[in-house]
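Okay, so here's the structure we're looking at.
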Amino acid sequence: MIQSRKLTATEFALRCLLLLALWAAGAMALAAPVAGTVVQLSGPLMAKKANGTIKVLVLKSEVENGDTLVTEKNTYAMVKFIDNSEITLRPDSALTIENFSFDNGKQDEDRAHFNLVKGGLRSVTGLLGKRSKEKFELKTPTGTIGIRGTTFIAQYVPPPPTATTGLPGQLPSAKAPASPGPAMPAPSQSGAGLATPPSLAPGLHLQVTDGAIIVTNSGGSLGFQAGQFGYVPSVNMPPVIVPHNPNIQFTPPPSFNPSAGPVSPGADPSKSNGVDCIVR
């Protein structure tokens, strides 16, 4: 006959510590890998987490795989990733970090997969892009961008609303054109100097300042070299080279200098010293 005995206080405490350690290890295994850190910021920045929560980010906040970073209308935000690459988001943008993985000793596991949901960004290649160029992928609504060791700007302009859309309960204006075209330059005001520059046409606009990129969609593929500008009208139309800057807007504050706050490659980035706010 097996007799049970009561646990001593020491045994009970040890078992509690063991259970706590196992729980902590499981929680760490389930946590999304840290991809980078916010190193420059000019306004509100949020991260929509994969589990549905929303986190308000500050300087030194960490970003993780699965996060969708969202900037407000006046916000520029620079994120430095663990391979020392940089992505700077322009205002009113959203970027999903689908899968970012980098380890100095495991090149086969390199991954840099992003999805530009809206808005625009500037991307500066880091160690991953230099040794595993084929592992970088930036999806956009009109095509996918690959790199060849690069600094580039991408800005997506959505199509204009149709004549039947508008605020709930609001009828379309009878004076609205059936198919609105690109905005025309506004006439200069008296004493105001030059006219307002035209708006960008709907589609993906590109500027390469260093290296090269290649853009692929259902319409075909095209490479762009340093100094060139590109345009992708839609996912079914091929990319084209444009002869000059079509008025791509990317003007972060002067304080947004490249290579701000290095992150040691292959190591865990330092923990955030700021205060993060999670909204559930």
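Every read-out reported here was derived from the displayed coordinates using simple, explicitly stated rules and does not represent laboratory data. Since the model is a prediction, treat every value here as computed from it, not as a measurement. Cβ placement follows ideal geometry from the backbone for every residue including glycine, while neighbour counts extend to all protein chains displayed.
General remarks:
- Test set (1) more than 20 Å from Gly129 (Cβ to Cβ); (2) part of a strand (DSSP E or B) - Gly230 fails condition number: (1)
- When Asn51 is tested against (1) among the polar types (S, T, N, Q); (2) in a strand (DSSP E or B); (3) over 10 Å from the mean Cα position of the chain (by Cα), just one condition goes unmet, and that condition is (2).
- When the range 61-88 is filtered for residues that are part of a loop (DSSP other than H, G, I, E, B) and among the β-branched types (Val, Ile, Thr), the ones remaining, listed by number, are Thr75, Ile82.
- Filter result (closer than 16 Å to Thr125 by Cβ, of a type in the set (Lys, Arg) and surrounded by fewer than 23 Cβ atoms within 10 Å (Cβ to Cβ)) within the range 68-111: Arg111
- Some residue of the range 146-164 being at negative phi, surrounded by 23 or more Cβ atoms within 10 Å (Cβ to Cβ), in contact with a helix residue (DSSP H, G or I) (Cβ under 9 Å, 6 or more places away or on another chain) and among the aromatic types (Phe, Trp, Tyr): no
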